[in-house]
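K.L.:
Before I ask anything, here is the structure I am working with.
The values are calculated or read from the model by the stated rules, or taken from the named source; none is laboratory data. Since we're looking at a predicted model, the values are computed, not measured. All Cβ positions, glycine included, derive from the backbone under ideal geometry; neighbour counts span all protein chains shown. What goes into the accessible areas is simple: the full protein's heavy atoms, side chains included, and nothing from ligands, DNA or RNA. Shrake-Rupley method; radii C 1.70, N 1.55, O 1.52, S 1.80 Å.
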Amino acid sequence: MPFDHNDHYHALLLRRLPRHGRTALDVGCGTGRFARRLVAHGYRVDALDPDPGTLAVAEASGGGPRYRLGDAARSALPAARYDVITCLASLHHMPFGTVTRLRDALAPGGRLLVLGCYAGITPWDIVASPANAVARVTVHLADRARGLTAPPPKPPVREPEMTLPEVRAAAARLLPGSEVRQLLYWRYLLTYERPDSRPTVDI
């Protein structure tokens with residue numbers, strides 16, 4: 001099987017879902033592919049995206065998420081509701097400070113998983129560039145072999161502005177205890193778990 005970086009990253013996030021989670025918010029859901037995977041894992045999913053055309057494609061695909069038109073940086077988000085909030089390659093379309101709104105929408109013990117994009121070049125990018133290029137060509141050729149010559153609909157694209165060190169500094173300031181891990185394709189994985197504020201009971 002050829003390497004599909006989307007499936008790879010989806011699997012990476014799915015392995016980090018809370019063990020007993022039930023409610024999820026997928027921010028910047030696009031055509032809804034990952035939101036539907038969350039449904040398949042037993043979650044009740046709200047899927048949010050600001051682009052009407054892309055959201056129409058997601059709704060036509062069905063699969064169980066509740067799709068909502070909106071921008072996570074501005075739309076009202078319920079407080080302390082979600083066991084997991086996912087944000088795949090969409091945070092750079094919003095102010096980074098939006099993570100505090102997502103943090104507040106997490107239930108106690110809930111988890112924020114951000115697959116983000118960063119700007120600039122790091123030494124790791126230079127080393128990994130040949131592998132990135134080979135993987136992209138392999139996926140493209142595999143799609144052509146399956147007859148998938150028409151590209152899927154794409155939402156508006158915005159280039160990331162924050163470098164990886166800037167992302168790490170902002171995450172440390174806004175989400176104390178979070179972790180930022182560098183990945184291939186100029187991406188990173190930000191993981192944050194909201195403290196469980198429920199009172200403890202002495203036994």
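K.L.:
Multiply the residue gap between R68 and D196 by 0.36 nm, knock off their C-alpha separation, and tell me the result in nm, one decimal place.
P.N.:
Roughly 43.3 nm would be gained on extension.
K.L.:
Would you mind checking which residues have amide H under 5 Å from L184's amide H? H placed 1.01 Å from N; only 5 or more apart, or other chain.
P.N.:
Result for L184 returns nothing.
K.L.:
Moving on. Multiply the residue gap between L14 and S61 by 0.36 nm, knock off their C-alpha separation, and tell me the result in nm, one decimal place.
P.N.:
Gain in length upon complete extension: 14.9 nm.
K.L.:
Still on this structure, please answer the following. Counting heavy atoms of the protein chains only and a 1.4 Å probe, report the per residue accessible area for region 13-109 as a whole number of Å².
P.N.:
Spelled out: the 1.4 Å probe surface of region 13-109, per residue, equals 43 Å².
K.L.:
Mind listing the phi-derived Karplus ³J(HN,Hα) values for region 37-44, rounded to whole Hz, using 6.51, -1.76 and 1.60 with θ = phi - 60°, and x for any glycine or proline?
P.N.:
Karplus-based 3J(HN,Hα) across region 37-44 equals 5, 5, 4, 5, 8, x, 8, 8 Hz.
K.L.:
A further question follows. Provide the per-residue ³J(HN,Hα) series for region 70-83, in order, calculated from phi with Karplus coefficients 6.51, -1.76, 1.60 and θ = phi - 60°, each as a whole number of Hz, with x at glycine and proline positions.
P.N.:
My calculation for region 70-83 gives x, 10, 4, 6, 10, 5, 5, 10, x, 6, 6, 9, 9, 6 Hz in order.
K.L.:
Also, quick follow-up: Leaving ligands, DNA and RNA out of it, report the carbon-plus-sulfur percent of the accessible area of region 1-128 at a 1.4 Å probe. Don't jump to the answer; show the numbers that get you there.
P.N.:
Working: 3060 of 5650 Å².
Carbon-and-sulfur percentage of accessible area, whole number: 54.
K.L.:
Using a basic spin-label model with each label point 7 Å from the Cα along Cα→Cβ, how many nm lie between Y185 and T100?
P.N.:
Simple spin-label model gives 3.1 nm for this pair.
K.L.:
Given the whole protein assembly as supplied and a 1.4 Å probe, what does the accessible area of E193 come to in Å², nearest 10?
P.N.:
100
K.L.:
Rounded to whole Hz and in sequence order, give me ³J(HN,Hα) for region 47-59 from the Karplus expression 6.51 cos²θ - 1.76 cosθ + 1.60, θ = phi - 60°, writing x for Gly and Pro.
P.N.:
So the J values, rounded to whole Hz, are 10, 10, 8, x, 9, x, x, 5, 5, 5, 5, 4, 5.
K.L.:
Any chance you could run the full-extension gain for E161 through R81? It's 0.36 nm times the residue separation minus the Cα-Cα distance, nm to one decimal.
P.N.:
That works out to 25.8 nm of additional length.
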